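Everything below concerns the one structure shown next.
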Amino acid sequence: MNAPDSSLQHRARMLYREAAQCIDPTTAGRLRAARRTALATAAVTPASRVMRMLHTGAAALALLVLMAWSPLLNRPGMPLPAGGMMASQIADADSDLPLDADKTDPTLYQNLEFYGWLATDSSHQVNQ
């Protein structure tokens with residue numbers, strides 16, 4: 001803890017103690033009663049412990065199911081979600097390297113001769 005925090009904490013304690021000494025007996029009694037009521041309602045009962053354990057177990061089970069199920073969604077060969085390509089496929093598509101034949105759709109390689117001919121033939125240029 002550094003010096004400014006320490007001095008601030010010390011000053012706050014001093015102000016609290018001064019204020020606590022200046023409280024009239026009626027207000028002090030009401031504050032003690034409110035404190036007792038708050039502590040009584042916050043008491044941990046065996047039933048609340050059981051409920052807390054059940055909720056914790058259910059949350060852990062839900063997390064386990066989610067973790068076990070998510071790799072099943074990302075298996076190769078599974079259809080892509082409605083959002084389109086995954087992040088790794090987007091990064092592959094944006095790179096300057098040629099597409100990997102194992103990762104791309106085989107129909108893209110169906111007419112390679114035509115695309116090669118079209119790239120070399122200057123008479124079929126599209127007017128812009």
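Read the figures in this text as sums done on the coordinates, not as results from a lab. All of these numbers come straight from a predicted model, not from anything done at the bench. Glycine gets a Cβ as well: all are built from the backbone with ideal geometry, and neighbour counts include every protein chain shown.
Mind giving me the nanometre distance, one decimal, between the label points for A12 and Q110, set 7 Å out from Cα along Cα→Cβ?
If labels sit at A12 and Q110, their model points lie 7.1 nm apart.
Under the rule a/c < 1.5 gives rounded, and otherwise a/b versus b/c splits prolate from oblate, where does segment 1-42 land using the Cα gyration tensor?
Note, shape of segment 1-42 comes out oblate.
Among T104, T120, which comes first, then next, by fewest other beta-carbon atoms within 10 Å?
So the ranking, lowest neighbour count to highest, is T120, T104.
Compute the signed sum of charges (Lys and Arg +1, Asp and Glu -1) over the other residues within less than 14 Å, Cβ to Cβ, of A38. Could you put the intermediate results ahead of the total?
Values: positive: R30, R32, R35, R36; negative: none.
So the environment of A38 carries a net charge of +4.
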